[in-house]
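Input: a single structure, listed below in structure tokens.
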Amino acid sequence: MMGSFDPALQAHLEGGLTTVCHAWKITRKDGVVFAFTDHDLPLQFEDCRFRPDAGLSARALAQTTGLAVDNTEAIGALSDASIREDEIEQGRFDSAEVVAWLVNWADVSQRWVQFRGTIGEMRRVDGAFRAELRGLTEVLNRTLGRVYQKPCTAVLGDKQCGFDLDLPGYTLMLPVDTEKDGRKFIWDSLPGFDEQFFIRGRMNVLDGPAQGLFGLIKHDRVKGKKRIIELWEPIKGDVGPGTQVKLIAGCNKQFETCRLKFKNVLNFQGFPDLPGEDWVISVPRSTGTNTGGSLR
């Protein structure tokens, strides 16, 4: 999993006097890369400059040869130049890819990938951060399989759903008019879209400090002459007036919604005719016919 050990690095370690350190590379899902080292000078390899002044360190790394989860914890200082508190709060480091090397700082071509995985839980503690690092076998802990239920199990627009959200009439891009607490957004109107059209949809932030963040829509209603979009949770960034956002239609996972609103019934991933609990515990009746036919 981690690759073969570099023979040159192995010979260096066996020589007695060593010049090794650790290097870390974090690649977020938005493509932003951070590179750190615990050496006192910067290192350059893998097309990255590994900074020595970031205060990043790690506890003991647990590694196994089986399917148990490799894990460790990275500890570092928060700063505007490296990892910022607001970006942790916004979730920008969630599931970011992490690669850690043991490297000979005197000859960086001698290095070994010691850990590869993703960031799990990340929290702030007294001006610093602690990040749980999860190994590649973490994904094997996920429960897989089909859920048999009446509502659709697909996510609107994903591979199973197959619906093209770029079709006209299902998204709306516009600037924010009025914003309250990053959770409630108010416009004079949203012409062409009925009330509750965006409920259970999402709002993506397209520019500004919160670019790349999104919120799930809890309410979409008309109050007086105003159209109000309210999110389940506030967006953890500045989404003030003028910020460009994208509203995406919502789906309540029901068969009729798939058929009438999206005209996508062939890809419906639920079982609308699945018998309920009342059917399971039903008993013969003394009236009517008991032919074994439909109970509906």
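Listed by position, the strands (runs of 3 or more DSSP E) inside the range 137-235 whose residues that are farther than 27 Å from I119 by Cβ and hydrophobic (A, V, I, L, M, F, W, C) number at least 2 are 171-175, 184-187, 214-223, 226-231. Check whether at least one residue in the range 110-129 is at pLDDT 85 or above and outside any strand (DSSP E or B), and report yes or no. Within the range 110-129, one or more residues are at pLDDT 85 or above and outside any strand (DSSP E or B). Residue pairs whose Cβ atoms lie under 6 Å apart, sitting 6 or more positions apart in sequence or on different chains, and linking a residue in the range 170-182 that is without any contact (Cβ under 8 Å) to a residue 60 or more places away in the chain to a partner that is surrounded by fewer than 18 Cβ atoms within 10 Å (Cβ to Cβ) and not small (G, A, S), are D181/P234; G182/P234. Considering each residue of the range 200-212 in turn, at least one proves to be of a type in the set (V, I, T), in contact (Cβ under 8 Å) with a residue 12 or more places away in the chain, in contact with a Phe, Trp or Tyr (Cβ under 9 Å, 6 or more places away or on another chain) and surrounded by 15 or more Cβ atoms within 10 Å (Cβ to Cβ).
Tell me yes or no: at least one residue of the range 81-88 is of a type outside the set (S, T, Y) and touching a Pro at 6+ places or on another chain (Cβ under 9 Å). Yes, some residue in the range 81-88 is of a type outside the set (S, T, Y) and touching a Pro at 6+ places or on another chain (Cβ under 9 Å).
Applying the criterion of being closer than 11 Å to L133 by Cα and surrounded by fewer than 20 Cβ atoms within 10 Å (Cβ to Cβ) to the residues of the range 97-106, the residue that is nearest to the chain's Cα centre (by Cα) is E97.
Among the residues of the range 98-109, those that are in a strand (DSSP E or B) and of a type in the set (V, I, T) comprise V98, V99, V103. Apart from one condition, G240 fits all of (1) part of a loop (DSSP other than H, G, I, E, B); (2) of a type in the set (G, A, S); (3) within 22 Å of the chain's Cα centre (by Cα); the exception is (3).
Of the residues D94, D53, only one is among the acidic types (D, E), at pLDDT 65 or above, within 22 Å of the chain's Cα centre (by Cα) and surrounded by fewer than 16 Cβ atoms within 10 Å (Cβ to Cβ); which?
Values: D53 fails: within 22 Å of the chain's Cα centre (by Cα).
Answer to the selection: D94.
The values are calculated or read from the model by the stated rules, or taken from the named source; none is laboratory data. What you see is a predicted model; the values in this text were computed from it and never measured. Using ideal geometry, Cβ is built from the backbone for each residue, glycine included, and neighbour counts are taken over all protein chains shown.
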